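Just below is one structure, and these are the notes that go with it.
The values are calculated or read from the model by the stated rules, or taken from the named source; none is laboratory data. All of these numbers come straight from a predicted model, not from anything done at the bench. Glycine gets a Cβ as well: all are built from the backbone with ideal geometry, and neighbour counts include every protein chain shown.
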Amino acid sequence: MRHVVLSLSLALSTVGSACGAERDPVFDGVWEGTLEIVGTHGSGQLVDWLAEEADETEARLQLRGESVQVSLGGRRLGPAIGFRIAKYDAAALVYSASVEKGYVGSWQLSLTKVDADTLLVFAWRVRSSAEGEAVAHSTAHALSGQLKRAPSRRGRE
Amino acid sequence: MRPQVGVRAVLVFAIAGLALARSGIVRGQPIINVTGDPDVVLERVLQDLDKELDGKLGLREWREALGPLDGTWEGSLAVIAATDNIPAQFWHVGDRPELQIVVERGTAVVRVKMDDWRAVNVAGGFQVVDLIGGGFVYAGQSANGWVENWNLSVAKQDPDTLMVFLSFVAGRSLERLAAGDAAFAVGAMGELKRRTE
């Protein structure tokens, strides 16, 4: 029972840290727009967030304090460790990493405010697969574009 | 949610939080960001834990075989994209800047070759997130009415070869944001080799 209580307190502190984030009027809100695929590396294998032969994708960022949700092509990206954000004045870095089916994948999205309601985004998606003997093969996609702040349903963000 | 499932979820979240914080997946980041449907999150965390802690995919061995990011890496990048308003003195599409990254114990020095190697000066220096076979090298700063954001995703190809995917974005600082659109971005990628001498 003592272990359950200890676990409960640890779990609550973990979840609470995510939910109790400070509000940030600079970046908080929903940002939407189109990101163009501006570069690729490696094989042309399809990725689940990009329609076949598409050269751009719809993007949606939902930021609230330290909490970040990223959707591309209408699909929410969901690495188990979540996305993290590091902010510097009017710029920010959103990044994540995941391990899945023999691949190590990472996302980095560089954000810079263009004006109060516009974000300039440059993103890299990198995936590396292990084929044993310490040799890895990587694929990468670069995306760039501007996202606009979506009107808040509550009119407060 | 059934009671026994709830207790299981509490235990797994607690263990997962501690394990992920300690695992090196995101070194130096003590708290996981739990969002989304709890059962979906639980499944994902279980899958990641299964792979990370049991080593069924051999990721730990792979990481050890590829070695740490620490070291000196040199090579040239190809600039693959830039916004139309890129300043004349900065990189343009087709440029092949030479880059050096020196990684040591969670921090990095990034140098660009002009006549000689010149360090990219950012307050606080570059930070490093060392993942399995790759990671991030990043820095950001605000000074003199401008912000700039250097972000490099890196991926090991073998112990002595590092793929680098760089983005640089810059713009006006918050206090000068109303002065007008001046934000620009550039992306580059290339292969760096470990310098051994």
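What the table below lists for this structure:
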{"item": "Any hit, the stretch A:86-101, residues being among the polar types (S, T, N, Q), modelled with pLDDT under 90 and in contact with a Leu (Cβ under 6 Å, 6 or more places away or on another chain)", "result": "no"}
{"item": "Residue count for the stretch B:70-94, restricted to those that are aromatic (Phe, Trp, Tyr) and farther than 18 Å from B:Phe136 by Cα", "result": "2"}
{"item": "Identity of the residue in the stretch B:175-187, of a type in the set (A, V, I, L, M) and in contact with an Asp or Glu (Cβ under 8 Å, 6 or more places away or on another chain), that ends up farthest from the other protein chains (Cβ to nearest Cβ)", "result": "B:Ala178"}
{"item": "Complete set of residues in the stretch B:131-147 that are more than 7 Å from chain A (Cβ to nearest Cβ) and either assigned to a strand (DSSP E or B) or of a type in the set (D, E, K, R) (or both)", "result": "B:Gly135, B:Val137, B:Ala139, B:Ala143, B:Trp146"}
{"item": "Residue among B:Asp95, B:Asp116, B:Asp158, B:Asp130 that alone is among the charged types (D, E, K, R) and under 13 Å from the mean Cα position of the chain (by Cα)", "result": "B:Asp130"}
{"item": "Which numbered condition B:Val102 misses (of (1) facing another protein chain (nearest Cβ under 9 Å); (2) surrounded by 17 or more Cβ atoms within 10 Å (Cβ to Cβ))", "result": "(1)"}
{"item": "Residue list for the stretch B:148-159, filter: crowded, with 24+ Cβ neighbours inside 10 Å and either closer than 19 Å to B:Phe90 by Cβ or at the interface with another protein chain (Cβ under 8 Å from one of its Cβ atoms) (or both)", "result": "B:Asn149, B:Asn151, B:Leu152, B:Ser153, B:Ala155, B:Lys156"}
{"item": "Total residues in the stretch B:65-123, condition out of contact with any His (no Cβ under 7 Å at 6 or more places or on another chain), assigned to a loop (DSSP other than H, G, I, E, B) and not charged (D, E, K, R)", "result": "20"}
{"item": "Hits in the stretch A:23-74 (condition: modelled with pLDDT under 90 and basic (Lys, Arg))", "result": "A:Arg23"}
{"item": "Residue check for B:Arg172: in contact with a strand residue (DSSP E or B) (Cβ under 7 Å, 6 or more places away or on another chain) and either more than 9 Å from chain A (Cβ to nearest Cβ) or modelled with pLDDT of 90 or more (or both)", "result": "yes"}
{"item": "Inter-residue pairs, beta-carbon under 8 Å, first closer than 26 Å to B:Gln127 by Cβ and in the stretch B:81-102, second aliphatic (A, V, I, L, M) and surrounded by fewer than 15 Cβ atoms within 10 Å (Cβ to Cβ), 6+ apart", "result": "B:Pro97/B:Val112; B:Glu98/B:Val112; B:Leu99/B:Val112; B:Gln100/B:Val112"}
